[in-house]
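J.: Take this structure first; my questions come after.
Just so it is clear, none of the values below were taken in a lab; they were calculated from the coordinates. These figures come from a predicted structure and were not determined experimentally. Here the Cβ positions follow ideal geometry from the backbone for every residue, glycine too, while neighbour counts run over all protein chains shown.
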Amino acid sequence: ASNYSSALGMDSSMFTRNGRSGTFYFEAIEVTPKRTGNYTFKSYSTIDSYGYLYTNPFDPLNTTSNLLTHADDDGYSASDQFSMSYPLEGGITYILIFTTFDAGVTGSFSVAAVGPGRVSLVRNNVPTVTTTSTVSTTEAPY
């Protein structure tokens, strides 16, 4: 198994999750499997976690674009950890998003990846999403 450990904090990237109100902290992890096959990603944390798996690139302004799969609880235990499996192609980089079920939650976490080969798990720095509005004024021709 390949493991990745980190923590969500006030300085973590943020986005608005599809269908939910509020702002969610997240961490983007580059996932590159060595061999093609089915891989399973599991979270380990005291916080209620939620996972997304994307093909590159991940767009925090459009969380349904390039989405392969997502998961909340694993469905078999009382834990609040996600477990999701997906067939991945060796040598291709995917983006795993670790985020929380509830808005505004921080805390430490780890993610384990299990499959037919080693998996490279590297932090991907996605900029925080801030919505900006620009006002353009056009002079009327006289």
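J.: In nm, give the distance between the simple-model label positions of Asn38 and Thr69, each being 7 Å from the Cα along the Cα-to-Cβ direction.
T.: Taking the two extended label points, one gets 0.8 nm.
J.: What fraction, in whole percent, of alpha-carbon pairs in region 2-124 exceed 20 Å separation?
T.: Working: 2749 of 7503 pairs.
Counting pairs separated by more than 20 Å, the tail of P(r) holds 37 percent.
J.: When Leu61, Leu53, Leu121 are ordered from fewest to most other Cβ atoms inside 10 Å of their Cβ, what list results? Present the calculation step by step, with values, prior to reporting the outcome.
T.: On the way: Leu61 9, Leu53 23, Leu121 20.
Least to most surrounded, the residues fall as Leu61, Leu121, Leu53.
J.: In what order do Ser5, Ser12 fall by count of nearby beta-carbon atoms within 10 Å, going from fewest to most?
T.: Ordered by Cβ neighbours within 10 Å, fewest first: Ser5, Ser12.
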